[in-house]
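Enquirer: Here's a structure for you.
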Amino acid sequence: MILPVVAGLPMVRPNIVLIFSDDHARQAISAYGSRVNQTPNIDRLARNGALFERNYTSNPICAPSRATLLTGKYSHVNGHKDNASAFNGAQSNVAKLLQAGGYETAWIGKWHLVSDPTGFNHWEILRGQGEYYDPTILSASGVSKATGYTSEVITEKALSFLKKPHDKPFFMVVGHKAPHRPWVPGPNSLSMFKDTRFPEPKTLRTDYATLASGARTVSMGIEKTLKPQADLYVGKAPVTSIPEYLAKWSETYSREDRDYAESLKSGDLLGANYQRYMRHYLRCVQDVDTSVGQLMDAIKDARLDKNTIIIYASDQGFFLGEKGWFDKRWFYEPSSGTPLVISAPGMKARRVKTLTENVDIAPTLLDFAQCAVDPEMQGISLVPAMQTGKGLRGYAYGHFYENNDGEHKVPKYVSIVGDRYKLIYYYELREWELFDLKTDPDESKNLWDGSPALEPLRKRMVQDLISKMRQVREEVSVINSVRESLR
Ligand code: CA
């Protein structure tokens, strides 16, 4: 069977390379219209592929997003609801199905699921969250220590896998740690953004006036939560065995530490932290973008480019100062909105506007590979949407479970987002939010305000939320909590 649809060239059982970064916001990708940086390599991918403008991660934190990527199921079905638990690797996953269909499978880089990978012929993963320099690597043969900057270490390991002879089509995930907190850039990106003053997002300085109460009590503020040393590396350097890297670091940051101290004199801690945070974060992004380019070039050099699909995605989005925050977890756009670019040989650039979710990636990969799908998978293959751009679903679904006593104190919620409206119910707080994304893309004005004119819309959205929860086989107790709130 051939896949003439997405590509200008027919593909038979294509190789699939999925580059999966951690916490990379759409706002930090130029193909998505970034105001703060350029990502020439991800853009290059988008020029030969589909860029999904409205892709969401249902449970926007690290490990649950990876569990959904693997299983094609929402957290309440695959059982992986938070970062603390160990993933149940005994269940069906996309790699096992690709293996059964004759694929060689590999996962290299950040894994973060506690249990060992299953369904992968080859795996070399970071231990836990992983370190930015000289990372500890786990593999089927044991524990080892790598030397160098982690984004480069991961890229090198992925390049080794690419370059070895393959007698089967392969599926490789390249899991980057970057740009995850604490944002420690590599030696090659330290020269970037030296004199850049980043524009502040409109909502950096906000009073959260109409939002649910959790927005005022959360611990993820750039002003108050970010620590100068631990997060912003003021007067601090990474631990690395490579002296040249440290020398480069010290050359860059001795000046930037002085600038930071100077900028604090104005009394604007929020502004000073924002600039410093952005510089660190975006340098980490640049290292990931470089990796994307190196992988693309290696695929071409190995003459695999006519039969390899390359995908770039992150596990979820990230706040880059919107609402005064860093971090993720919320279902607000900067956090739940997640980059996704799928590039196929010979494909022309296309922007896909239909609602897609990270639960769709697994069935899409199986569709590309012409392998059987697990009938329990809840995602929808994106191949038709790549062909026609037509809508897949009326609403994307969100459910966040982390306990409120966690570090960031983001309240639990369920949510739906449609073409225009987003409804969020914080079921422990018993508070609602409704946003009109067309007139209020920054989600600053909560329409759950009791005004009679909007009552029909509110009622319809609540009914649609309950229908969606039933459709995704949500737990009955959670559906009941929504129903009870209306009594
Ligand atoms: Ca993440």
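Enquirer: Taking the condition part of a helix (DSSP H, G or I) and in contact with a Pro (Cβ under 7 Å, 6 or more places away or on another chain), does PHE319 pass?
Expert: Working: part of a helix (DSSP H, G or I): no; in contact with a Pro (Cβ under 7 Å, 6 or more places away or on another chain): yes.
No, not satisfied.
Residues checked against (1) in a helix (DSSP H, G or I); (2) surrounded by fewer than 19 Cβ atoms within 10 Å (Cβ to Cβ); (3) modelled with pLDDT under 95:
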site	(1), (2), (3)
GLU156	yes, yes, no
PHE171	no, no, no
ARG197	no, yes, no
ALA215	yes, no, no
LYS224	no, yes, no
VAL234	no, yes, no
SER241	no, yes, yes
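Enquirer: Would you point out the residue of segment 171-206, among those that are of a type in the set (Lys, Arg) and over 29 Å from GLU104 (Cα atoms), that is nearest to the chain's Cα centre (by Cα)? Explain how you work it out, then say what you get.
Expert: First pass over segment 171-206, keeping only residues of a type in the set (Lys, Arg): 177, 181, 194, 197, 202, 205.
Those left that are additionally over 29 Å from GLU104 (Cα atoms): 181, 194, 197, 202, 205.
Values: ARG181: 13, LYS194: 26, ARG197: 25, LYS202: 23, ARG205: 25 Å.
Here the answer is ARG181.
Enquirer: Tell me which residues, restricted to segment 47-71, are surrounded by 24 or more Cβ atoms within 10 Å (Cβ to Cβ) and away from the ligand (no atom under 16 Å from the Cβ).
Expert: Matches in segment 47-71: GLY49, ALA50, LEU51, PHE52, THR71.
Enquirer: For segment 297-319, does any single residue satisfy the condition of being within 16 Å of the ligand (Cβ to nearest atom), among the polar types (S, T, N, Q) and under 19 Å from the mean Cα position of the chain (by Cα)? Reasoning before the result, please.
Expert: Taking segment 297-319 as the starting set, the residues that turn out to be within 16 Å of the ligand (Cβ to nearest atom) are 312-319.
If we keep only those that are among the polar types (S, T, N, Q) too, we end up with 314, 316.
Pick out the ones that are also under 19 Å from the mean Cα position of the chain (by Cα) and you get 314, 316.
Checked against the condition, which is being within 16 Å of the ligand (Cβ to nearest atom), among the polar types (S, T, N, Q) and under 19 Å from the mean Cα position of the chain (by Cα), segment 297-319 yields at least one hit.
Enquirer: Report those strands (runs of 3 or more DSSP E) wholly inside segment 384-487 carrying at least 1 residues which are within 30 Å of LYS227 (Cα to Cα).
Expert: Because the criterion is at least 1 residues that are within 30 Å of LYS227 (Cα to Cα), the strands (runs of 3 or more DSSP E) in segment 384-487 that meet it are 396-400, 413-417, 421-426.
Enquirer: Output the number of residues of segment 364-403 satisfying the condition of being of a type in the set (Asp, Glu) and modelled with pLDDT under 95.
Expert: Matching residues across segment 364-403 total 1.
Enquirer: In segment 72-88, what residues are buried (at least 16 other Cβ atoms within 10 Å of the Cβ) and either of a type in the set (Gly, Ala, Ser) or not assigned by TED's automatic domain parsing to the domain that holds PHE20 (or both)?
Expert: Correct list: GLY72, SER75.
Enquirer: On to the next question. Does GLY33 satisfy being under 22 Å from GLN129 (Cα atoms), of a type outside the set (S, T, N, Q) and away from the ligand (no atom under 16 Å from the Cβ)?
Expert: Judged against the criteria, GLY33 is not a match.
Enquirer: Out of curiosity, is GLU262 under 23 Å from the mean Cα position of the chain (by Cα), under 25 Å from ILE222 (Cα atoms) and of a type in the set (Asp, Glu)? Let's see the steps before the verdict.
Expert: Numbers: under 23 Å from the mean Cα position of the chain (by Cα): no; under 25 Å from ILE222 (Cα atoms): yes; of a type in the set (Asp, Glu): yes.
Considered against the rule, which asks whether it is under 23 Å from the mean Cα position of the chain (by Cα), under 25 Å from ILE222 (Cα atoms) and of a type in the set (Asp, Glu), GLU262 comes out as no.
Enquirer: Take the residues in segment 177-188 that are away from the ligand (no atom under 16 Å from the Cβ) and surrounded by fewer than 23 Cβ atoms within 10 Å (Cβ to Cβ); name whichever of them is nearest to LEU246 (Cα to Cα). Walk me through it before giving the result.
Expert: Going residue by residue through segment 177-188, those that are away from the ligand (no atom under 16 Å from the Cβ) are 185-188.
Adding the requirement that they be surrounded by fewer than 23 Cβ atoms within 10 Å (Cβ to Cβ) leaves 187-188.
Numbers: PRO187: 8, ASN188: 12 Å.
Taking the candidates together, the pick is PRO187.
Enquirer: Which of the following residues is within 16 Å of the ligand (Cβ to nearest atom) and under 26 Å from VAL288 (Cβ atoms): MET172, MET220?
Expert: None of the other options fit; the residue is MET220.
Enquirer: For segment 277-295, which residues satisfy the criterion of being more than 16 Å from the chain's Cα centre (by Cα) and among the aliphatic types (A, V, I, L, M)?
Expert: Correct list: MET278, LEU295.
Enquirer: Do we find that ASN41 is surrounded by fewer than 24 Cβ atoms within 10 Å (Cβ to Cβ), more than 14 Å from the ligand (Cβ to nearest atom) and either touching a residue at least 60 places away in the same chain (Cβ under 8 Å) or more than 20 Å from ASP287 (Cβ to Cβ) (or both) in this structure? Explain how you work it out, then say what you get.
Expert: Numbers: surrounded by fewer than 24 Cβ atoms within 10 Å (Cβ to Cβ): yes; more than 14 Å from the ligand (Cβ to nearest atom): yes; either touching a residue at least 60 places away in the same chain (Cβ under 8 Å) or more than 20 Å from ASP287 (Cβ to Cβ) (or both): yes.
Yes; evaluated as a whole, the condition is true for this residue.
Enquirer: Which one of these is free of Cβ contacts under 8 Å to residues at least 24 places away in the same chain and assigned by TED's automatic domain parsing to the domain that holds LEU340: PRO456, PRO452, PRO375?
Expert: Sole residue among the options that is free of Cβ contacts under 8 Å to residues at least 24 places away in the same chain and assigned by TED's automatic domain parsing to the domain that holds LEU340: PRO375.
Enquirer: Same structure again: Among GLN387, GLN378, which is among the polar types (S, T, N, Q), away from the ligand (no atom under 16 Å from the Cβ) and surrounded by fewer than 21 Cβ atoms within 10 Å (Cβ to Cβ)? If you could, list the steps in order and put the result at the bottom.
Expert: Working: GLN378 fails: surrounded by fewer than 21 Cβ atoms within 10 Å (Cβ to Cβ).
Going through GLN387, GLN378 in turn, just one is among the polar types (S, T, N, Q), away from the ligand (no atom under 16 Å from the Cβ) and surrounded by fewer than 21 Cβ atoms within 10 Å (Cβ to Cβ): GLN387.
The values are calculated or read from the model by the stated rules, or taken from the named source; none is laboratory data. Just so it is clear, the model here is predicted, and its values are computed rather than measured. Quick reminder, even Gly has a Cβ in these numbers, built from the backbone with ideal geometry, and neighbours come from all protein chains shown.
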